Amino acid sequence: MMLAGAVIEEKRDYVTLSLPALQHSSITSSITTSITPSRSWRRRWNQLPRLQRVVLLMLGVAGIVALTYVITNHAEPSAPPAASHSADHVDSYLTPPPLLPHPPDNLPEKEKEAVENEVFAKKDEGMREGRDQIVPPPGLPQKRTTRQEAIVAAMKHAWKGYKTYAWGHDHLKPISRTRNDWLRLGLTLIDALDTLWIMDLKEEFSEAREWVSTQLHFNLNQDVNLFETTIRVLGGLLSTYHLTKEQVFLDKAVDLGDRLIAGFNSGSGVPFADVNLYSRRASKPKWGPDSSTSEVTTIQLEFRDLSRITGNPIYEEKVNFVSEHIHKLPKTEGLVPIFINAQTGQWRSHSTITLGARGDSYYEYLLKQWIQTGRTKDYLRDDFNESVSGMEHLLAARTEPSNLLFFGELHGGSKNFVNKMDELTCYLPGTLALGVHYGMPKHHMTLAEQLMYTCTLTWLRQPTNLAPEITYFNTQPTGTNEDFFVKNNDAHYLLRPETIESLWYMYHLTGNKTYQDWGWQMFQGIETYCRVENGYTSIGNVRSTVDTKPKDKMESFFLGETLKYLYLLFMEDQSTFSIDKWVFNSEAHPLPIYSH
């Protein structure tokens with residue numbers, strides 16, 4: 001919903017200064033004019049009044065400290081200026097930054113594991129501190145960097161358009177100056193709550209809180225998607241409660257949770273896709289008989305957190321049952337089909353296996369549940385590791401001519417390999433890096449680095465510097481000499497955050513500023529081709545800077561995820577939202593880590 005495992009230890013530089021003998025300075029001569037010049041410097045020193053000697057010593061120490069500071073500190077290079085729409089600016093600041101060394105052709109040999117283990121050996125000791133307790137909300141953000149200021153300006157622009165033309169509705173249509181409703185729950189406003197708080201936008205947060213307090217009601221005769229409502233609305237309310245400790249957000253979360261729990265009233269305990277908030281009746285989705293695997297397995301963090309806050313075990317019991325049930329079902333080397341029947345609790349066996357849509361966050365939440373519960377539910381960790389092994393064996397492939405790593409899909413009953421990868425799959429580098437930080441096999445970091453490189457290129461090799469929804473990869477030599485291509489129906493960019501999410505994890509864990517540079521370049525693409533007068537719009541064609549085909553919709557996750565992860569990516573103090581204290585749900589809402 002970063003290379004992780006590596007523990008970054010503070011480096012300290014030591015400077016040894018070889019100082020010459022004290023010279024007769026103009027300062028000391030003015031002080032010691034009454035002293036006979038033929039006397040030794042030590043005798044002169046001893047004859048000085050005590051106060052003068054103290055002053056001189058202080059001046060000397062200050063001089064040494066200043067000299068050491070100059071030698072050991074180097075000024076940060078200034079960030080590029082904020083985005084501009086001029087063609088000259090685009091050409092200047094969309095030049096690809098220096099890339100990481102090209103990924104190696106082969107994955108590391110097992111012998112490398114032993115060497116890498118030395119680097120990670122001391123990690124676990126320091127990670128334990130602060131993890132087993134609910135952490136207090138972080139303080140207000142420190143001084144923003146230049147790039148963070150640009151992200152805040154984008155957030156304000158998006159919020160202004162939403163407030164003016166879509167207040168209280170799910171989505172803004174910024175070009176037509178209207179709104180779109182899907183769940184009728186004010187999705188954009190709820191998704192943006194913790195982003196506003198993290199960015200310290202007090203006025204905007206205050207008006208959003210007032211709406212939640214007085215206008216947000218769940219007694220609606222409305223079918224809502226259990227998964228989307230959980231990760232966006234329930235997750236957003238819980239996260240904001242943890243950050244602010246304001247009771248109104250918890251009260252709303254409990255009311256919503258009590259309605260959504262009806263989704264688990266199926267024959268198997270695996271939840272239905274849809275729930276009516278008024279009647280509290282659940283049903284299969286209108287498009288088919290089954291639930292999506294990712295949807296039934298990506299609600300656990302939120303319901304578990306609700307139980308831990310309230311002391312009511314029912315929410316956690318429901319989602320624990322689902323996780324344990326999925327654990328017992330047969331899998332393909334840890335990989336799962338993307339559809340499951342809520343009544344029978346069984347897979348739709350001939351359905352696709354993918355790390356993209358309808359499958360993606362199952363793998364993400366295996367790891368994050370294990371982390372959330374203090375690394376005590378080992379079957380979740382084991383299932384995660386098995387799934388990554390399955391990814392390597394069955395889904396990993398390389399492109400021609402550049403040997404880029406990507407993860408394809410297995411389709412149909414015969415599970416034929418298809419060389420396509422969703423932008424949604426680009427959450428995976430961050431998840432793999434997070435896993436290595438928590439002790440998963442070290443070579444997962446190599447997978448993370450290589451896939452991060454590929455995902456970044458799906459953005460930066462487009463003329464708009466924006467990624468398409470789906471990319472196809474060439475695994476055989478072609479006349480175009482291109483590693484990948486985009487079909488007409490897949491060329492849209494929906495303001496998605498997944499690649500930027502992974503960039504934050506990678507930077508958070510490594511400190512490698514190349515990841516910031518890549519993210520900054522992507523933001524320039526968003527500013528140039530998605531920003532409109534009254535907000536930001538998704539576009540239909542990332543392959544043209546002239547005919548982008550604006551779609552007139554600003555998704556709620558643009559405020560909840562994309563801008564939040566960009567802001568975190570450019571934050572100087574990465575400890576504020578440390579992954580040793582917080583686990584981010586699939587909609588980028590931070591929740592605390594528990595001890596069990």
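The values are calculated or read from the model by the stated rules, or taken from the named source; none is laboratory data. As the structure is a computational prediction, the values presented were derived from the model and not from experiment. For neighbour counting, all protein chains shown are included, and Cβ atoms are generated from backbone atoms with ideal geometry for every residue, glycine included. Surface areas here come from the heavy atoms of the whole protein model, side chains and all, with no ligands, DNA or RNA. Shrake-Rupley method; radii C 1.70, N 1.55, O 1.52, S 1.80 Å.
In the range 149-224, the portion of solvent-accessible area held by carbon and sulfur atoms comes to 42 percent [1.4 Å probe, whole percent, DNA, RNA and ligands not counted]. For the range 445-574, the solvent-accessible area with a 1.4 angstrom probe is 28 square angstrom per residue. Applying the Karplus relation 6.51 cos²θ - 1.76 cosθ + 1.60 with θ = phi - 60° to the range 187-202 yields 3J(HN,Hα) values of 3, 4, 5, 5, 4, 8, 3, 6, 5, 4, 5, 4, 7, 6, 8, 4 Hz, where x marks Gly and Pro.
The length gained by stretching the chain between PHE485 and GLN346 to full extension, at 0.36 nm per residue less their Cα-Cα distance, is 46.5 nm. Stretching the chain fully between GLU533 and VAL546 yields a gain of 2.9 nm (0.36 nm per residue, less the alpha carbon separation).
With a 1.4 Å probe rolled over the protein heavy atoms of all chains, the accessible area of HIS242, HIS393 falls in the order HIS393, HIS242, largest first.
Of the listed pairs LYS286/LYS318; LYS143/LYS368; LYS252/LYS377, which have alpha-carbon separations greater than 27 Å here?
Values: LYS286/LYS318 24 Å; LYS143/LYS368 30 Å; LYS252/LYS377 29 Å.
As for pairs spanning more than 27 Å Cα to Cα, those are LYS143/LYS368; LYS252/LYS377.
Entry comment: accessible area of the range 188-333 is 34 Å² per residue, from protein heavy atoms only and a probe of 1.4 Å. The phi-based Karplus calculation (6.51 cos²θ - 1.76 cosθ + 1.60; θ = phi - 60°) puts the 3J(HN,Hα) values of the range 246-253 at 8, 4, 4, 6, 5, 4, 5, 5 Hz, whole numbers, x for Gly and Pro.
Here the alpha carbons of the range 182-234 define both size measures, Rg and Dmax, at 11.8, 35 Å. In this structure the amide hydrogen of VAL532, modeled in the peptide plane, comes within under 5 Å of the amide hydrogens of THR537, none closer than 5 places in sequence on its chain.
So what's the convex hull volume per residue for the Cα atoms of the range 484-590, in Å³? Please report the intermediate quantities before stating the final value.
Working: hull volume 13.0 nm³, N = 107.
So the per-residue Cα hull volume is 121 Å³.
Using a 1.4 Å probe on the protein chains only, how many percent of the accessible area of the range 292-374 belongs to carbon and sulfur? Intermediate results must be reported in sequence, preceding the final value.
Values: 1230 of 2400 Å².
Roughly 51 percent, rounded to a whole number.
Could you tell me which trypsin sites (Lys or Arg not before Pro) in the range 146-185 are loop residues by DSSP with no more than 16 other beta carbons within 10 angstrom of their beta carbon? Answer by residue number: ARG177, ARG184.
Straight-distance candidates among the lysines for linking to LYS160, with alpha-carbon spacing under 20 Å and chain neighbours fewer than 8 residues away dropped: LYS173, LYS202, LYS551, LYS553, LYS564. The largest accessible area among ILE470, ILE326 belongs to the first residue in ILE470, ILE326, and the rest follow in falling order (1.4 Å probe, all chains). Subtracting the Cα-Cα distance of PHE417 and HIS596 from 0.36 nm times their residue separation leaves 60.5 nm of extension gain.
For ASP274, nonlocal amide neighbours, meaning residues 5 or more places apart or on other chains whose placed amide H falls under 5 Å from its own, are LEU226, SER283. By a 1.4 Å probe calculation restricted to protein chains, HIS411 has an accessible surface near 60 Å², given to the nearest 10.
If you sort TRP287, TRP347, TRP518, TRP182 by accessible surface, 1.4 Å probe, largest first, the order is TRP287, TRP182, TRP347, TRP518.
Amide H to amide H distances under 5 Å link ARG179 with LYS173, where only residues 5 or more positions off or on other chains count and H is placed in the peptide plane.
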